[in-house]
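Trainee: Supplied in structure tokens, the structure appears directly below.
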Amino acid sequence: MPSSIPASATNKAAPGVGATLAPRAATTRSPWAMALRRFARNRVVILALVVLGLLAASAVFAPLLTPFDPLQRDVPNRLAPPGPVHWLGTDALGRDLYTRMLFGGRLSLFLGLASVALSLSLGVTLGLLAGYFGALVDATIMRLVDLILAFPGILFAIWLVALLGPGVNQVILANALFGMPAFARVVRGSVLAIKSADYVQAARSIGAPGGRIILVHMLPNVLAPIVVLASLNTAQAILVAASLSFLGLGPQPPMPEWGALLADGMTYIRSAWWLTVFPGLALTLTVLSSNLVGDGLRDALDPQMVVK
Amino acid sequence: MLVYIIRRLIIAVPLMLALVAVVFIMLRTVVPGDVAALLAGDQASPEQVEALRREMGLDRPIPVQFGIFLGNLARGDLGRSAITRQPVTARILQAMPITLTLATLTALTATLIGLSLGVITAYYANSWLDNLLRVLVVIGASMPTFWVGPMLILIFAVWLRSLPVQGSMTTAGLVLPVLTLGIGAMAGLSRLTRAGMLEVLNSDYIRTARAKGLRERAVVLVHAFRNALIPAITLIGVQFGGLLGGSVITERIFGLPGMGTLAINAIHNRDYPVVQGVVLVIAGIYLLVNLLVDIAYAFVNPRIRYE
């Protein structure tokens, strides 16, 4: 059976990127276990992971962590500085900033994660197809990818949202298409590298259908770069989503979102510094932690890997 | 060299055409409804919509439409704003110097600071200075533009009162926008330069240079830096695109009336001809800059020419 080819056979084709096809073949020294050990040794990365966990937990349990409602106005208390009641102060309508940041984090993290999930599915599918079939399929898919990359910076995402109109789903779609090329390229490259590996040839020679070769033999072996890229892309996706919100193209008011909160704070920058400082701090902390975790994963899974 | 430039040009032309096609097709597939009504704007009368339809051939087959679109583009005609009825080209030409000045100044500043930081951190690798600068670089790379800008305003304009809140095309008015836009590029360049320098500093020819008694400064700045510069040049090209895209946000923060502000206002007004024009022009500039960077790269690195 092709699936019983030992994991060590895969290591030859993609050193360090090895993954086990069948967990039963894995001993305690499987590549994933070794990567996990390398990952856990890096204290900064573990700290970043803890920070991310806390941020995610505060987003999930937002209603339990605050007595206020994110939309509840309290106009007499408008633009109150941080204090014992309103820990991080209030905005121009007297809404509690701490509460709005908790709920804003929900939306910001959701936008980022949903975008990455979508660009991952799209990019991995296209990358696998391009790498496996080659020729015309490859050329068509990769030219499409090149075109998205030919737009400078977030201009492509801005253009797409301009056409779709502002909103949560629109931001996710634009962000996902913007992030997709990186996945497609990395997966295609990895597939090309293992395409002529013995175990793929073996599977082909005993007549395994294309779909089975792609899903059972190739996908597990390109998993490592995908995991690394996904974690690094999460930071970027959260940033792009918040950028679009900052420009007023994302979730519409009064929905709180970190980028939108920052845009709000700009209006009152002379009188209410807390509206600018705290949402940005939360966003930076999130992006910094995601970047560190991504770097840690890359170092753990494959010190030689170069993304993009 | 000439052959290389020509070959590079031959690749650039179809890419530009493809870009124009993508923008053209996206406008016609993503937004539901009648393109003529869309381009004419919400306030246009039925007669105006019909006039635009005839003028742009929007009642003809798509390939014909594309031909007319390309013809207009070649003459520098990007249509008229759906709100002000002004030619889009005129409005873009008004806004373009601001965006280009901002992006170019930022690219220069970021290159200067990024390369210096890279050389310093590589030379003093693993010292406290290197560690401190590297931590700052990682944090800098994670700070979103739209937080850096407001924070700089808060610190330098509101608290210290040393620079204006509002950006402008003066030295004082450009300091904060340039820093805001450049911080990410600076971080990226210094990381790359540090890695490149470290690699080069360990190579044989550097040992030879040291062995023959060259001064350390000459070894680092002349021998090592020149080779570490090669990857950095490519990154500068890529970063310039990021700067063009990022200037949309920076212009917004500092109230600079560049192409980014023009585009965002147009998006909020559903002024599609203006948005489309800005997208095409920015993408075109980016393509041109990358072309120039590739040529510069071939000058610095002869190996590229003979590939």
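Trainee: Is there a residue in the stretch A:46-63 that is more than 23 Å from A:S231 (Cβ to Cβ), in a helix (DSSP H, G or I) and of a type outside the set (K, R)?
Mentor: Within the stretch A:46-63, one or more residues are more than 23 Å from A:S231 (Cβ to Cβ), in a helix (DSSP H, G or I) and of a type outside the set (K, R).
Trainee: Take the stretch A:282-294 and flag every residue that is more than 20 Å from A:A35 (Cβ to Cβ) and facing chain B (nearest Cβ under 8 Å).
Mentor: The answer is A:L283, A:T284, A:V287, A:L288.
The rows are residues; the columns are (1) of a type in the set (D, E, K, R); (2) more than 22 Å from B:L112 (Cα to Cα); (3) crowded, with 24+ Cβ neighbours inside 10 Å; (4) not assigned by TED's automatic domain parsing to the domain that holds B:V49.
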residue	(1), (2), (3), (4)
B:E199	yes, no, no, yes
B:S203	no, yes, no, yes
B:G213	no, yes, no, yes
B:V220	no, no, no, yes
B:M259	no, yes, yes, yes
B:H268	no, yes, no, yes
B:Y272	no, yes, no, yes
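Trainee: Kindly provide the set of residues from the stretch A:130-181 that are assigned to a helix (DSSP H, G or I) and facing chain B (nearest Cβ under 8 Å), ordered by number.
Mentor: Residues satisfying the conditions are A:R143, A:D146, A:L147, A:A150, A:L155, A:I158, A:W159, A:L160, A:V161, A:A162, A:L163, A:L164.
Trainee: Another question about this same structure. Within the bounds of the stretch A:209-231, is there any residue that is out of contact with any Leu (no Cβ under 6 Å at 6 or more places or on another chain) and either within 11 Å of chain B (Cβ to nearest Cβ) or of a type in the set (S, T, Y) (or both)?
Mentor: Scanning the stretch A:209-231 turns up no residue that is out of contact with any Leu (no Cβ under 6 Å at 6 or more places or on another chain) and either within 11 Å of chain B (Cβ to nearest Cβ) or of a type in the set (S, T, Y) (or both).
Trainee: Same structure again: Does the stretch B:32-48 hold any residues that are in contact (Cβ under 8 Å) with a residue 24 or more places away in the chain and on the phi < 0 side of the Ramachandran plot, and which are they?
Mentor: Within the stretch B:32-48, the subset in contact (Cβ under 8 Å) with a residue 24 or more places away in the chain is B:38-44.
Once the filter is applied, which keeps residues that are in contact (Cβ under 8 Å) with a residue 24 or more places away in the chain and on the phi < 0 side of the Ramachandran plot, the stretch B:32-48 yields B:L38, B:L39, B:A40, B:D42, B:Q43, B:A44.
The values are calculated or read from the model by the stated rules, or taken from the named source; none is laboratory data. Just so it is clear, the structure is predicted and the values come from calculations on it, not from any experiment. All Cβ positions, glycine included, derive from the backbone under ideal geometry; neighbour counts span all protein chains shown.
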